[in-house]
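Asks: What follows is a single structure, and I will ask about it in a moment.
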Amino acid sequence: MSDSEVFIGSIDQGTTSTRFIFYDRFARAVGSHQVEFTQFYPQAGWVEHDPMEIVESVRICMARALDKATANGHNVDSGLKAIGITNQRETTVVWSKSTGLPLYNAIVWMDARTSSICRKLEKELPGGRTHFVESCGLPISTYFSALKLLWLLDNVDGLNEAVKKGDAIFGTIDTWLIWNLTGGVEKGLHVTDISNASRTMLMNLKTLDWDKSTLDTLGISAKMLPKIISNSEIIGNIAKGWPITGIPISGCLGDQHAAMVGQSCRKGEAKSTYGTGAFILLNTGEEVVKSNHGLLSTVAYKLGPKAPVNYALEGSIAIAGAAVQWLRDSLGIISSASEIEELASKVSSTGGVYFVPAFNGLFAPWWRDDARGICIGITRFTNKSHIARAVLESMCFQVKDVLDSMHKDAGKKDEAKSDKTEFLLRVDGGATINNLLMQIQADLLGSSVVRPADIETTALGAAYAAGLAVGVYTENDIFASGEKLKQATIFKPVLEEELRKKKADSWCRAVSRSFDLADLSL
């Protein structure tokens, strides 16, 4: 069989849609399909998904992508070697082993219903908000799976009894998909990968296993937790009843970790993914670097059971592209997300308008769940173009805040530089097609931004991990970053340093105005 007839499939399960992509031996997409699914908002600050709808979206995408690849002349059926999975992290599901049905909707990573649980734990535990940081690298926050699981245990009738009987099991979306893909109630595998596990608040970063002390403190039974595996190994085969059967699942990473692999990020290199939120990760190598500036310590990737672990500093931004969706769906200022670039380009600045998209609070580096969205600096001169540009700037300011913290935590000596001794931020995700957004990002950072030829690096990273496990790809294939940079688009800063600093100061003043607004009367 020639190289061109070898294929890897990639399931990319995101916050608003699911994609399935087939890649050939040269990491070129040969067929793909995407399906959007429903987000539910039962109350202010609550966000849920239907787990069964997510499973069905994978089934549809798999079948349609196969049809498209075949129509494009590729014999995927005979050449498919493995499938990788990448998924929205932290989103929490509990389900019955005996029936295969979820016991409640999936609680999405950005859901803020657990704020009261967080405050209670902060008051009760001696370490306060940072009580578990030493073991898991994460503060107590609505963001992470453990708090969502506590809410489910407190609020879903019969769940605790089902846990005692061994019937109720927990997982993030990767676990839920693998369990269904490998047979469900008959023989489904209950596993999670190291990157998703590192986002639950329950995994010890050093032992790479569930932390008994944390489980005891929170009252969570180890019986309901999945087995933790590496990001690149043969997990199990896809069961009958799926459009593709018998093919090994051999790669699994949370979406931001998959993007790290897809962007070829070695030690000292950072990437920012712009999606519903924005997520910036800096690879710190085989060392856990503790943050003193509001960042998270987490796993980057572990590409094989015997491979070394790479760790990362991460800054997570709750609202990035979601603010553009808000302009479209809630305000009607634009009719499609792509229109924002043209609208914002009609003005050369925001006219002094600053927009802070703290819809459900602020994540890194502020960690203020009492913050709420504000738009300030409005005058009679302000029009919708100024507001559109302020929304784009808000995404870039938040990324700058995180990168500034990373520079302080990691130190300049641990950052990789270009040939011109410049720190390069690799970017990916759907929003990066917006050239104005990328130029604003470079201007506000004061350093270059690198957009790869293929901006869908989460799916590619999962394909790389799966292909590595079955011998289709080598680590040299994955980390040949020099060749990838030659095909990239580089945005260089043009904004004057004095204006950059003034804008950054104004942004910080705007952010401070968003604090302590969660209890405004309805």
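The values are calculated or read from the model by the stated rules, or taken from the named source; none is laboratory data. Keep in mind it's a predicted model, so treat the numbers as computed, not measured. Positions of Cβ are generated from backbone atoms using ideal geometry, with glycine treated the same way; all protein chains shown enter the neighbour counts. All accessible areas refer to the heavy atoms of the entire protein, side chains included, with ligands and DNA or RNA removed. Shrake-Rupley method; radii C 1.70, N 1.55, O 1.52, S 1.80 Å.
Asks: May I ask you to list the aspartates and glutamates whose Cα is less than 16 Å away from that of Lys164, ignoring any residue fewer than eight positions away on the same chain?
Replies: Asp154, Asp216
Asks: Right, another one. Report the one residue of Cys136, Ile107, Val93 whose Cα lies farthest in the direction of the positive end of the charge dipole of segment 11-147 (charges on C-beta: Lys and Arg +1, Asp and Glu -1; origin at the Cα centre).
Replies: Checked the options; the winner is Cys136.
Asks: How would you classify segment 25-90 from its alpha-carbon gyration tensor, with a ≥ b ≥ c the square roots of the eigenvalues: rounded for a/c under 1.5, else prolate if a/b is greater than b/c, otherwise oblate?
Replies: Prolate shape, in that a/c is at least 1.5 and a/b is the bigger ratio.
Asks: For Asn292 and Ser213, calculate 0.36 nm times their separation in residues minus their Cα-Cα distance, and state this gained length in nm to one decimal.
Replies: 26.1 nm
Asks: At 7 Å along Cα-to-Cβ for each site, give me the label-to-label distance between Asn383 and Thr474 in nm.
Replies: Going from the Asn383 label point to the Thr474 one covers 5.8 nm.
Asks: Rank these by accessible area, largest first, 1.4 Å probe: Glu286, Glu5, Glu186, Glu90.
Replies: My answer, sorted largest first, is Glu186, Glu286, Glu5, Glu90.
Asks: Sort Leu296, Leu101 from largest to smallest accessible area, using a 1.4 Å probe on the heavy atoms of the protein chains.
Replies: Descending accessible area places them as Leu101, Leu296.
Asks: Hey, another quick one. Semi-axes of the chain's equivalent ellipsoid from the Cα gyration tensor, sqrt of 5 times each eigenvalue, largest first, rounded to whole Å?
Replies: The answer is 33, 29, 22 Å, longest axis first.
Asks: A follow-up question, please. Mean Kyte-Doolittle hydropathy of 0.0 or higher plus an axial Cα length of 20 Å or more: which whole DSSP H helices in the chain meet both?
Replies: For the chain, where a helix must reach 20 Å along its axis and average at least 0.0, the hits are 51-71.
Asks: Just the accessible area per residue of segment 110-181, please: how many Å² with a 1.4 Å probe?
Replies: Ligands and nucleic acids excluded, the figure is 35 Å² per residue.
Asks: Next question, about the same structure. With all protein chains present, calculate the accessible area of Glu48 using a 1.4 Å probe and round the result to the nearest 10 Å².
Replies: 10
Asks: Where does the charge balance sit around Cys375 when Lys and Arg score +1, Asp and Glu -1, over other residues with C-beta under 13 Å from its C-beta?
Replies: +3
Asks: Does a label point 7 Å from the Cα of Arg119, set along Cα-to-beta-carbon, have any residues of segment 155-180 with amide nitrogen under 20 Å, and which are they?
Replies: Only 155 fall inside the zone, counting backbone N under 20 Å.
Asks: Once you sort the root eigenvalues of the Cα gyration tensor of segment 114-212 as a ≥ b ≥ c, which label holds: rounded (a/c under 1.5), prolate (a/b larger than b/c) or oblate (the other case)?
Replies: Oblate.
Asks: Then there's this: Compare His293, His407 by solvent-accessible area with a 1.4 Å probe and give them largest first, with all protein chains kept in place.
Replies: His293, His407
Asks: To continue, here is another question. Rounded to the nearest percent, how much of the accessible area of segment 270-387 (1.4 Å probe, protein heavy atoms only) is carbon and sulfur?
Replies: 51
Asks: With a 1.4 Å probe and every protein chain left in place, work out the accessible area per residue of segment 332-393 in Å², rounded to a whole number.
Replies: Heavy-atom SASA per residue in segment 332-393 reads 44 Å².
Asks: To the nearest 10 square angstrom, how much accessible area does Glu339 have with a 1.4 angstrom probe?
Replies: 70
Asks: Cα-Cα over 29 Å: which of Lys187/Lys302; Lys187/Lys271; Lys271/Lys302; Lys306/Lys492; Lys408/Lys503; Lys346/Lys492?
Replies: Those over the limit are Lys187/Lys271; Lys306/Lys492.
Asks: Below 13 angstrom from the Cβ of Met224, what's the summed charge of the other residues (Lys, Arg +1; Asp, Glu -1)?
Replies: +3
Asks: Once the other residues with Cβ under 12 Å from the Cβ of Asn75 are scored (Lys, Arg +1; Asp, Glu -1), what is the net sum?
Replies: Residues near Asn75 contribute -3 overall.
Asks: State the Cα centre-to-centre distance between segment 280-358 and segment 495-522 in whole Å.
Replies: 17
Asks: In segment 112-225, carbon and sulfur make up what percent of the accessible area (probe 1.4 Å)?
Replies: Percent of accessible area from carbon and sulfur atoms in segment 112-225: 49.
Asks: I've got another one for you. Count the DSSP beta bridges whose two residues both fall in the chain, then state the antiparallel fraction as a percent rounded to the nearest 5.
Replies: Percentage antiparallel, nearest 5: 70.
Asks: Suppose all protein chains stay in the model; what accessible area per residue would a 1.4 Å probe give for segment 433-522, in Å²?
Replies: Dividing the accessible area of segment 433-522 by its residue count gives 50 Å².
Asks: Could you give the size of the charge dipole of the chain about its Cα centre, using +1 on the Cβ of each K and R and -1 on the Cβ of each D and E, expressed in debye and rounded to the nearest 20?
Replies: 580
Asks: Run the simple label-point estimate for Trp326 and Glu5 please: 7 Å along Cα→C-beta, distance reported in nm.
Replies: 5.3
Asks: Do the sum for the chain: with -39,500 (n - 2.57) for every DSSP H run of n ≥ 4, divided by all residues, what is the mean residue ellipticity at 222 nm, to the nearest 500 deg cm²/dmol?
Replies: About -9500 deg cm²/dmol.
Asks: Quickly work out the Ala44-to-Ser221 label distance, labels modelled 7 Å from Cα along the C-beta direction, and quote it in nm with one decimal.
Replies: Each label point lies 7 Å from its Cα, and together they span 3.7 nm.
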